[in-house]
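The next block holds one structure in the form of structure tokens; read it before the comments.
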Amino acid sequence: MKAIAAALTVCVSFLAVSVLLAQSQNADKPTADAAPKYDPTLYAELQKAPEKARNRVNPLQNDPDAVAAGAILFQQHCAECHGDSAQGSRKAPSLLAPEVQKATPGTLFWLITNGVVRKKMPVWSKLPEAQRWQLVRYIQSLGAGAPESPAPKL
Amino acid sequence: MSSFCRFVLLGLFGISLLPACYPPPALAQENPYFVAYDHYLEEPGNLEIEYFSTFGTQRNGNNFHAYWAEFEYGATAWWTTELYLDGQTTFHDSTVFTGFRWENRFRPLRHEHWINPILYAEFENINGADKILKDVVGHDVEADKAGLNAEARAEREREFELKLILSSNVKGWNVSENIIAVKNIKNSPWEFGYALAASRPLALKASAKRCTLCRQNFVAGVEMYGGLGDRHSFGLHDTSHYLAPVLAWNLPSGWTLRISPGFGLNDNSHQFVMRWGVSREITGFGSMVSRLFGGRK
């Protein structure tokens with residue numbers, strides 16, 4: 001009985017911590033699900049990519065399936081924060097911004113791989129390298145306006 | 001079992017079914033490990049609910065089915081906190097709730113490196129009947145689990161556990177090494193253990209079509225774990241060790257299924273340990289709870 005009471009206490013504490021954390025995460029944010037105002041400082045991390053990483057060439061640049069595969073990966077892993085069309089949300093910036101669209105494939109790959117851990121973007125090296133390059137292809141395809149292959153709704 | 005216990009267990013079961021009703025799916029790309037950890041933390045604000053089972057054979061005793069529920073929350077991109085609730089059924093004996101564990105994992109480095117460290121700290125308040133075999137340390141051996149539940153559950157185990165998790169990615173493979181140190185808060189020596197694991201998706205490129213049975217949705221690997229004695233008698237004598245192939249299937253619907261047949265490597269180990277599990281991630285759980293309690297809309 002004591003153990004169950006202790007477990008319940010821990011559950012309640014866990015919930016309380018979750019609420020506090022969630023509120024602190026939301027405290028400085030505008031309305032939910034609204035795209036944030038354009039803020040160039042959000043993209044400062046892109047400038048930190050090392051020269052060697054920046055110059056890497058996407059090995060799937062000419063892969064005809066890369067954009068479609070990247071679109072599926074985007075919906076599965078990125079759309080929750082960056083929005084279904086990469087327009088951004090209160091959680092994460094737009095990927096349609098010029099800073100992202102003008103970045104080299106190597107820079108985007110580096111950012112996806114390393115995340116921005118101190119600013120809540122997780123590390124995505126858990127995805128195999130090929131899938132990260134497919135994501136880069138998809139993100140860059142958004143720069144032309146409409147995506148080459150629209151992201152399927154899951 | 002008292003009606004209160006039944007009520008609590010039913011409640012926990014109900015909570016574990018919640019993800020099935022909650023719409024936003026997230027394909028978590030989970031690793032297939034049951035014992036070892038890699039360096040990936042839960043995405044911030046997401047809650048992953050997991051259920052795992054362990055069937056173990058027991059010489060000089062009754063076979064058992066141990067199980068645990070995990071509630072894993074990404075507090076930040078560098079901190080994941082997790083609650084475990086453990087129980088077990090020993091055949092021809094009884095079913096008991098064996099306690100809880102609260103673990104935290106921290107990522108000290110900002111960027112990816114050749115070897116990525118994660119610091120792990122856990123407090124567990126369980127009883128001697130716990131058989132989930134989530135970690136094997138010190139001189140844990142098969143004979144420890146042979147007793148009757150009524151006697152074993154009288155023993156309290158309040159322990160602090162520390163792990164250094166090292167994890168690397170090489171050509172699509174994840175290779176993880178965990179070094180474990182456990183201290184019972186009673187006057188017991190530090191106990192040590194290890195877990196090693198390697199895994200790889202069956203395909204590295206994603207398919208251009210959404211699919212359930214694509215090779216990239218399966219991750220296969222192997223893990224090995226065991227005890228390393230304690231502060232007074234460090235080494236391999238009187239320790240148990242296991243080798244277990246592992247397989248995970250990440251379904252596009254957001255569910256992950258895992259299975260792992262494990263084999264004892266010496267006479268101190270359970271001869272056969274079969275594990276399976278199911279998990280699902282709830283995206284945006286933190287925001288959802290915040291709104292529930294009057295946070296920003």
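Side notes on the structure shown:
- Rounded to the nearest whole angstrom, the semi-axes of the ellipsoid equivalent to the stretch B:106-192, taken from the Cα gyration tensor as √(5λ), stand at 32, 15, 10, largest first.
- Full extension of the segment from residue B:95 to residue B:234, taken as 0.36 nm per residue of separation minus the current Cα-Cα distance, would add 46.6 nm.
- Counted by Cβ distance under 10 Å from residue B:40, the other residues give a net charge of -1, where Lys and Arg count +1 and Asp and Glu count -1.
- Summing charges over all other residues whose Cβ lies under 11 Å from the Cβ of residue B:136, with Lys and Arg as +1 and Asp and Glu as -1, gives -4.
- Accessible surface ranking for B:171, B:205, 1.4 angstrom probe, highest first: B:171, B:205.
- Here the stretch B:208-285 is assigned +1 on the Cβ of each Lys and Arg and -1 on the Cβ of each Asp and Glu. Its dipole about the Cα centre then comes out at about 600 debye.
- The stretch B:182-198 and the stretch B:232-297 have their alpha-carbon centroids 19 Å apart.
- B:218, B:91, ranked by accessible area, largest first (probe 1.4 Å): B:91, B:218
- Amide H contacts for residue B:246 (H built 1.01 Å from N in the peptide plane; partners 5 or more residues away or on another chain; cut-off under 5 Å): B:221, B:222, B:223.
- Simple spin-label estimate for residue B:121 and residue B:63 in nanometres, 7 Å along Cα-Cβ: 4.1
- Report summary: the helix-based calculation at 222 nm, which adds -39500 (n - 2.57) for every DSSP H run with n ≥ 4 and divides by the residues of chain B, gives -3000 deg cm²/dmol.
- R0 of 25 Å, Cβ-Cβ distance residue B:211-residue B:259: FRET efficiency to nearest 0.05: 0.80
- The 3J(HN,Hα) values that the Karplus relation (6.51, -1.76, 1.60; θ = phi - 60°) gives for the stretch A:106-121 are, in residue order, x, 5, 5, 4, 4, 5, 5, 5, 9, x, 10, 4, 6, 10, 6, 8 Hz. Gly and Pro appear as x.
- Around residue A:115: net Lys/Arg minus Asp/Glu count, Cβ-Cβ under 11 Å: +3
- For the stretch B:281-286, 3J(HN,Hα) per residue [Karplus equation, 6.51 cos²θ - 1.76 cosθ + 1.60, θ = phi - 60°, Hz, x = Gly/Pro]: 9, 9, 7, x, 5, x
- Rounded to the nearest whole Hz, the Karplus-based 3J(HN,Hα) values (6.51 cos²θ - 1.76 cosθ + 1.60, θ = phi - 60°) of the stretch A:72-88 follow the sequence 5, 4, 4, 5, 6, 10, 10, 5, 3, 9, 8, x, 4, 10, 6, 7, x, with x at glycine and proline.
- Separation between Cα centres of the stretch B:86-124 and the stretch A:99-137, rounded to whole Å: 29
- Sites listed here are chymotrypsin sites (Phe, Trp or Tyr not before Pro) in the stretch B:96-144 whose DSSP assignment is loop and whose Cβ has at most 10 other Cβ atoms within 10 Å: B:114.
- Taking all C-alpha pairs of chain B, those more than 31 Å from each other amount to 29 percent.
- Close amide H partners of residue B:282, meaning residues 5 or more places away or on another chain with modelled amide H under 5 Å apart, are B:47, B:48, B:49.
The values are calculated or read from the model by the stated rules, or taken from the named source; none is laboratory data. Just so you know, these numbers come straight off a predicted model, no measurement behind them. Cβ sites come from the backbone with ideal geometry, for glycine too, and all protein chains shown count toward neighbours. Quick note on the areas: whole protein, heavy atoms, side chains included, nothing else; ligands and nucleic acids left out. Shrake-Rupley method; radii C 1.70, N 1.55, O 1.52, S 1.80 Å.
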